[in-house]
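Visitor: Quick one: the structure is below, and I'll ask about it shortly.
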Amino acid sequence: MGKKDQRQKENKKIQAVLHLLRKQAPLTLKQEKFCNDACVERFLEARGYNTKKAAKQLKNCLAWRDSIGTDHLIADEFPAELAEGVAYVAGHDDESRPVMIFRIKQDYQKFHSQKMFTRLLVFTLEVAIQTMEKCVEQFVLLFDASHFRSAAAFMNMLLATLKILADYYPGRLHKAFVIDPPSLFSYLWKGARPFVELCPLTMIVSSLDFEESLEFNDFISYPRAASLRLDPSFVPSTNKVGLCTSSRFSFTIAHHFDSLKPWYLTLKDTSTSKVGPTTASLSSFGPTISPLNVRSYSFTSPTTRGPYDNIGTVKKGFFPSTPMPRKTQTLDMSTIKHPRTPKPSFLRSPALFFKKDFQLTRTAKSRESFIPFLKFYRQTYDEMVYRSNMRPPLGGLISIISPQLMRGHMSVSQRF
């Protein structure tokens, strides 16, 4: 009963808005078709279900649409824009919302008036609304700002677009992404955010953050080498590698030593062309160089690193002329005073309140929100695919001609 009562109240408010509109001036047939229940409900929701404010905004919207001439917009008015892909509907997301992409260059405003840009924007919005299903009411906007050099010029275009969406298309915008804006745009946007109605739905992202996306890069990712270590899996099965050119040293690779340096050098006589360690004693040919004594103990692996007593025994045969001194004092571990870790305080430091954690969180949220729409931003533009989504009269003369006539015309033209 609660939902039913709420729905009845909403219907009464919708009828009240329509009554105020008809009271001021009679509505035309096209205006009656435009002011359906879903449209009036979006205006009510945008104005906090205030009937007077919603009726006033809807009246201004109808007057603005008549001044723009939305009923007479066709694709033949924008041949260059459609050929270059300046503004188009790229497709639909997982929720069947149309995704529009605007790749407007900075020089476009030099050769076209603001009214021309507004008509192009409205034309693209109307095409997106035509492609919506019955249960879908919102769309997504992607602004490619990489072609702008001036942050102020792009800011003016963005604010004009968001104002049109807020005033004449309330409740239609799901999310808007600004991709690769100029360097100073973030500072201008920070100052303009409090005065923009749709600022919570507008996010700034960078395409450089998605260069390593596996969905669009067909390369195989290999793990990075942490150091120049020998991988035992690539070592041949033999334990001896080649003949050493020196007459005093031989180089041998073994698999049972430390994995960091599985090798050792042996001082021996190789005049008989023998490779590998021999059974000769260390007294005749010198000590054997192995991972246990070839490196400093500060850089050895944890497996070969042991207590200080073991170090003395290892170095005993390597330096016979300089014996290690014995320990005369024993270290009492109980006398060592370790630094105390301060207990966490309940009250946070005042300096933590000035950290910019919210900016990092906002950037991370923007990146996660933009991932589902990355494929639309990177896919190539096809004019014929975009024109196929246009319904009469927006499609112009090309949409009126049937596909059969189009194929027949192309086949006749190709003959000559």
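Coordinate-derived values only; no laboratory data. No experiment lies behind these values; they were computed from the predicted model shown. Methodologically, a virtual Cβ is constructed for each residue, glycine included, from the backbone with ideal geometry; neighbour enumeration extends over all protein chains shown.
Visitor: Could you work out the mean projected area of the convex hull around the alpha carbons of the stretch 2-68, in square nanometres to one decimal?
Guide: That works out to 4.5 nm².
Visitor: Still on this structure, please answer the following. Would you mind putting 44-53, 7-16, 123-132 in packing order, based on average other-beta-carbon counts within 10 Å, highest first? Intermediate values should be presented prior to the final figure.
Guide: Values: 44-53: 15.9, 7-16: 13.8, 123-132: 19.6.
Highest to lowest by the protection proxy: 123-132, 44-53, 7-16.
Visitor: Further question: Sort Arg391, Arg103 by Cβ crowding within 10 Å, fewest neighbours at the top.
Guide: Arg391, Arg103
Visitor: Hey, what D do you get for the stretch 139-192 in µm²/s if you plug the Kirkwood alpha-carbon radius into Stokes-Einstein at 10 °C and 1.306 mPa s? Kindly include the intermediate steps, with their values, before the conclusion.
Guide: Numbers: Rh = 11.7 Å.
Answer from the Stokes-Einstein relation: 136 µm²/s.
Visitor: In nm, to one decimal, how far is the modelled label at Leu184 from the one at Gln8, with both set 7 Å along Cα→Cβ?
Guide: 6.0 nm
Visitor: Express the Stokes-Einstein translational diffusion coefficient of the stretch 16-148 in µm² s⁻¹, to the nearest whole number, given a Kirkwood radius over alpha-carbon pairs, 20 °C and a viscosity of 1.002 mPa s.
Guide: On the way: Rh = 16.6 Å.
Result for D is 129 µm²/s.
Visitor: With label points built 7 Å along Cα→Cβ from the Cα atoms of Ala25 and Lys115, find their separation and express it in nm.
Guide: 1.8 nm
Visitor: Something else about it: Below 8 Å, C-alpha to C-alpha, sequence gap of six or more: please give me the relative contact order for the stretch 2-68 in percent.
Guide: Computed value for the stretch 2-68: 36 percent relative contact order.
Visitor: Between their Cα atoms, which of Lys110/Lys175; Lys56/Lys175; Lys33/Lys134; Lys59/Lys163; Lys175/Lys365; Lys12/Lys52 are more than 18 Å away from each other?
Guide: Among Lys110/Lys175; Lys56/Lys175; Lys33/Lys134; Lys59/Lys163; Lys175/Lys365; Lys12/Lys52, the Cα-Cα distance tops 18 Å for Lys110/Lys175; Lys56/Lys175.
Visitor: Sorted by average packing, counted as other Cβ atoms within 10 angstrom per residue and highest first, what order do 376-384, 23-31 take?
Guide: Peptide ranking by packing, descending: 376-384, 23-31.
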